[in-house]
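Scroll down for the structure; my scribbles are underneath it.
The values are calculated or read from the model by the stated rules, or taken from the named source; none is laboratory data. What you see is a predicted model; the values in this text were computed from it and never measured. We place every Cβ from the backbone using ideal geometry, glycine too, and count neighbours over all the protein chains shown.
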Amino acid sequence: MLTIGEFSRLTHLSVRTLRRYHDAGLLEPASVDDVTGYRSYSTDQIPVAQVVHRLRELDVPLAEVRTILRTDDPDTRARLVADHLRRLESELARTRAAVVSLRRLLEPDPAPVDVELRAVPAVTVAAVAADVSHDDVLAWYAGAMAELDAAVPVPSGPPGGLYDDALFQHGRGHALVYRPTDRPATVGRVHPVTLPAVELAVTTHTGEHDDIDVTYGRLGSWVVANTLAVAGPVRETYLVGPRDTPDPSAWRTEIGWPVFRVAVP
């Protein structure tokens, strides 16, 4: 048997950490003296302590660590660890995206936004529309686009979407995604919709969509500076996206704000 100090030296875990693991039910000593309360450990517990340490370094919650340790099936243990690693990778991706956005925002002299005023005629498209929450819009978009792809095998242009202000302002609003086609049909949720003629202030967002709000902000600043006002739901056109290439640097999203000129007194 090993004293807690000896066990600490062998596992590179502090006595305080070992006590905390004991109190949390993660690593019970092999025995505890009834009189002195001294904890003793066996050499068989060394790899267990090291596993607990690694899991906690990965920020695995205490409850999940207990589940992993009490699971005899190696496949189940591997799945539990893999699930947590996927969560960590997702969090890391969000952190990296936030860093990229911050660097772009903190540029001392950001590149001027390239904006085009474009008159867009009315067009009939195949569309899927719904009222959705902001948190669910990506999942809804993926399902709607899958239906459009099946209903419009040969589109006449890139896909796009229209998003009401309420979606951004209140967290829930009307969204519509579409594919241009010469013969829009009604299949499931897919139905013909005529998009009205409009004048758009258009700029192109390059790269991943995590910092598309930065491009929105710069486009909005341009609109205000040129005495224009927004006059309807924003339009996005997905020239190149994840459905076309896995390379984010190649993605191109046009952002179009319906505008009209404000009279200056």
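Among the residues making up the range 6-48, those that are touching a Lys or Arg at 6+ places or on another chain (Cβ under 7 Å) and over 19 Å from residue 60 (Cβ atoms) are 29, 32.
Kindly establish whether residue 77 is over 14 Å from residue 24 (Cβ atoms), exposed (fewer than 12 other Cβ atoms within 10 Å of the Cβ) and outside the structural domain of residue 23 (by TED's automatic domain parsing). Break it down stepwise before answering.
Details: over 14 Å from residue 24 (Cβ atoms): yes; exposed (fewer than 12 other Cβ atoms within 10 Å of the Cβ): no; outside the structural domain of residue 23 (by TED's automatic domain parsing): yes.
The answer is no for residue 77.
Would you be able to say whether some residue in the range 136-152 is closer than 25 Å to residue 199 by Cα, of a type in the set (A, V, I, L, M) and either in the same structural domain as residue 233 (by TED's automatic domain parsing) or surrounded by 11 or more Cβ atoms within 10 Å (Cβ to Cβ) (or both)? No, the conditions are met nowhere in the range 136-152. Quick one: count up the residues across the range 1-52 that are among the hydroxyl-bearing types (Ser, Thr, Tyr), part of a helix (DSSP H, G or I) and surrounded by 14 or more Cβ atoms within 10 Å (Cβ to Cβ). The qualifying residues number 4.
Restricting the search to the range 227-236, which residues are in a loop (DSSP other than H, G, I, E, B) and touching a residue at least 60 places away in the same chain (Cβ under 8 Å)?
So the first thing to find is which residues in the range 227-236 are in a loop (DSSP other than H, G, I, E, B), and the list is 227, 231-233.
If the condition is that a residue be in a loop (DSSP other than H, G, I, E, B) and touching a residue at least 60 places away in the same chain (Cβ under 8 Å), then 233 is the only one that fits.
On inspection, residue 102 qualifies as modelled with pLDDT under 80 and either part of a helix (DSSP H, G or I) or touching a Gly at 6+ places or on another chain (Cβ under 8 Å) (or both). Looking across the range 172-206, just one residue is at pLDDT below 90 and either of a type in the set (Gly, Ala, Ser) or under 18 Å from residue 239 (Cβ atoms) (or both), and that is 185.
Please pick out the residue among 96, 56, 66 that is surrounded by 12 or more Cβ atoms within 10 Å (Cβ to Cβ) and under 19 Å from the mean Cα position of the chain (by Cα). Explain how you work it out, then say what you get.
On the way: 56 fails: under 19 Å from the mean Cα position of the chain (by Cα); 66 fails: under 19 Å from the mean Cα position of the chain (by Cα).
None of the other options fit; the residue is 96.
Does the range 176-223 hold any residues that are in a helix (DSSP H, G or I) and within 15 Å of residue 258 (Cβ to Cβ), and which are they? I'd like the intermediate steps shown before the answer.
Start the filter on the range 176-223 by keeping residues that are in a helix (DSSP H, G or I), which leaves 212-223.
Selection gives 216, 219, 220, 222, 223.
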